[in-house]
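The values are calculated or read from the model by the stated rules, or taken from the named source; none is laboratory data. Model, not experiment: these values are computed from the prediction. Glycine gets a Cβ as well: all are built from the backbone with ideal geometry, and neighbour counts include every protein chain shown. These accessible areas exclude ligands, DNA and RNA; they are computed on the full protein's heavy atoms, side chains included. Shrake-Rupley method; radii C 1.70, N 1.55, O 1.52, S 1.80 Å.
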Amino acid sequence: MTNAKPIKTALVSVFHKDGLDEILAFLNKNGVKFLSTGGTQKFIEELGYECELVEDLTGYPSILGGRVKTLHPKVFGGILNRRDNNSDREQIAQYEIPEIDLVIVDLYPFTQTVESGASQAEIIEKIDIGGISLIRAAAKNFNDVAIVASKAQYAPLLEMLKENQGAVTTLEQRYWLAKEAFAVSSGYDSTIFNYFDSKSRPSALRVSIDGAKVMRYGENPHQKGFFFGDFDKMFAQLHGKEISYNNLLDIDAAVSLIGEFDDLTFAVLKHNNACGLASRETVAKAWRDALAGDPVSAFGGVLVTNAEIDDEAAEEINNIFFEVIIAPSYTEKALEILKQKKNRIILVQKSRLDTKMQFRSCLNGALVQERDVRVEDKSDLQQATTKSLSESQIDDLLFANKIVKNSKSNAIVLAKGKQLMASGVGQTSRVDALKQAIAKAKSFGFDLNGAVMASDAFFPFADCVEIAHEAGIDAVIQPGGSIRDAETTEYCNANNIAMGITGIRHFKH
């Protein structure tokens, strides 16, 4: 074993004790001495193992309400001394400092305390001082000391020890444990900084996300790709191949979109944009009308609904090729049907998307913004025209507005009867987006008479409402704000078109 080091003394002081007993049993069997504090020392002794109290080693009790327990030269000298440094060896002998070869420590639950709604005083007390110092010290001296910085490393440590057939660690193992320890400490410090920084405008960007997953590749096969996050917390994968980088982008877009709807809704997405969507009284009907929006683009798409997939819907869905399907649940028969294609990714969405911020690399830095969680309702609609909006038009306009909000700019959405008829997305002009939507709707046989139009941003000229009117559209929703709003309104008034203005723009670049 490369630069193997025996463990003779272990300092163990942890908040989470689940899974620790097996490690302690292995270490005790191999003659390791234990050094600990308070509750952990009692835990070790209750298992039947001898354990020296840190305060007996240092000659100082735990003071200041437990704020100071391990901060002492006899503890940190035992961790930081370099075994191959003569001067270090002379000093630890002079001051009777024991060598500590393994440190098992974790940190106070700061994040959980913040999330619990605790008072600031309680939160501040969960800023770990001794633990974070022990972690950094042991990780710094990885050449001689093994560090376990969280319960996530309990199992790997035990596996290492069993593999080495004794209380021994290799240099490669200690290096890996040190790397994991610095991940813990840096993440912990980032969380604390963000808590303090949240009281004002952000002064620095500190992002810490665990759960690194190597993707098969990135957006294209020649690019490396990684995902950092807890996918399993939000989804359960019931079937299918490994999820790719592009799958994740589409899944994110799908759950963002479906989260806008309270009515039973089914959506089909392709390249992060909805190509079909409908709200109906049953999943099967919603699926049929969503698919009708663009049965061509649905090929290889991502399907998402906010209702259980039943047998009837599954039978129909099974007739097309798609990459991913997402639902809150499936009937037993529906799953049996959908699993007939081995590579289909079948997901159960366990929770809603609840991230507050969005991050994007930009130039040599990063752009950060709040997620666009604004959803307009009837009270946000300002009547802009002499013709009033009917209740059914308002329903369709708000429906279309949710879709256009989740579509790449410049975007136009055409809808009728809570069904997406067509959209124009990602165009360099709003006129092009509208023309694309109209041509697409007509190509699939939709009658646009009585349909509504939603725009993600204002109309710079009256040309869009003129084109829409010629196609049969008689109601419009847009944010307004153009210096030429009056021209658009005048055209609508002259041609019996109803228009509502929200005052809220939904650009999506």
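Hey, S482 hits all of (1) in contact with a Pro (Cβ under 7 Å, 6 or more places away or on another chain); (2) under 26 Å from V296 (Cα atoms); (3) among the hydroxyl-bearing types (S, T, Y) but one; which does it fall short on?
(2)
Looking at the stretch 95-116, I want the residues that are over 27 Å from N194 (Cβ atoms) and have a partner that is among the charged types (D, E, K, R) and surrounded by fewer than 18 Cβ atoms within 10 Å (Cβ to Cβ) with Cβ atoms under 8 Å, at least 6 apart or on another chain. Which pairs are those?
Going by the 8 Å Cβ cut-off, the qualifying pairs are E99/K8; E99/R83; D101/K8.
Can you spot a residue in the stretch 262-279 that is in contact (Cβ under 8 Å) with a residue 60 or more places away in the chain, crowded, with 19+ Cβ neighbours inside 10 Å and of a type in the set (D, E)?
Among the residues of the stretch 262-279, not one is in contact (Cβ under 8 Å) with a residue 60 or more places away in the chain, crowded, with 19+ Cβ neighbours inside 10 Å and of a type in the set (D, E), which makes the answer no.
Does the stretch 193-213 contain at least one residue that is aliphatic (A, V, I, L, M) and modelled with pLDDT of 90 or more? I'd like the intermediate steps shown before the answer.
The initial filter retains those residues of the stretch 193-213 that are aliphatic (A, V, I, L, M), namely 204-205, 207, 209, 212.
This time we only want the ones that are modelled with pLDDT of 90 or more, so: none.
For the stretch 193-213, residues aliphatic (A, V, I, L, M) and modelled with pLDDT of 90 or more: absent.
How many residues are buried (at least 17 other Cβ atoms within 10 Å of the Cβ), farther than 20 Å from L238 by Cβ and of a type in the set (A, V, I, L, M, F, W, C) if we restrict to the stretch 285-317?
So the count comes out to 5.
Are there any helices (runs of 4 or more DSSP H) wholly within the stretch 410-509 with 2 or more residues that are under 34 Å from the mean Cα position of the chain (by Cα) and closer than 21 Å to A384 by Cα, and if so which?
Hits in the stretch 410-509: 430-443.
Taking R352 as meeting all but one of (1) in a strand (DSSP E or B); (2) surrounded by fewer than 12 Cβ atoms within 10 Å (Cβ to Cβ), write down the number of the exception.
(1)
Wholly within the stretch 148-248, which strands (runs of 3 or more DSSP E) include no fewer than the required count, namely at least 1 residues that are under 16 Å from the mean Cα position of the chain (by Cα) and without any contact (Cβ under 8 Å) to a residue 40 or more places away in the chain?
In the stretch 148-248, 212-214, 226-228 are the strands (runs of 3 or more DSSP E) which contain 1 or more residues that are under 16 Å from the mean Cα position of the chain (by Cα) and without any contact (Cβ under 8 Å) to a residue 40 or more places away in the chain.
With (1) touching a Lys or Arg at 6+ places or on another chain (Cβ under 6 Å); (2) open to solvent by less than 10 Å² (accessible area, probe 1.4 Å) as the list, and S455 as the residue in question, which single condition is left unmet?
Just one mismatch for S455, condition (1).
If you scan the stretch 121-147, which residues turn out to be assigned to a loop (DSSP other than H, G, I, E, B) and open to solvent by 20 Å² or more (accessible area, probe 1.4 Å)?
Selection gives K126, I127, I129, F142, N143.
Give the residues of the stretch 323-337 that are aliphatic (A, V, I, L, M), buried (at least 22 other Cβ atoms within 10 Å of the Cβ) and either part of a strand (DSSP E or B) or out of contact with any strand residue (DSSP E or B) (no Cβ under 6 Å at 6 or more places or on another chain) (or both), sorted by residue number.
V324, I325, I326, A327
Within the stretch 111-120, how many residues are open to solvent by less than 70 Å² (accessible area, probe 1.4 Å), assigned to a helix (DSSP H, G or I) and either farther than 19 Å from A152 by Cα or out of contact with any helix residue (DSSP H, G or I) (no Cβ under 6 Å at 6 or more places or on another chain) (or both)?
Qualifying residue count, the stretch 111-120: 2.
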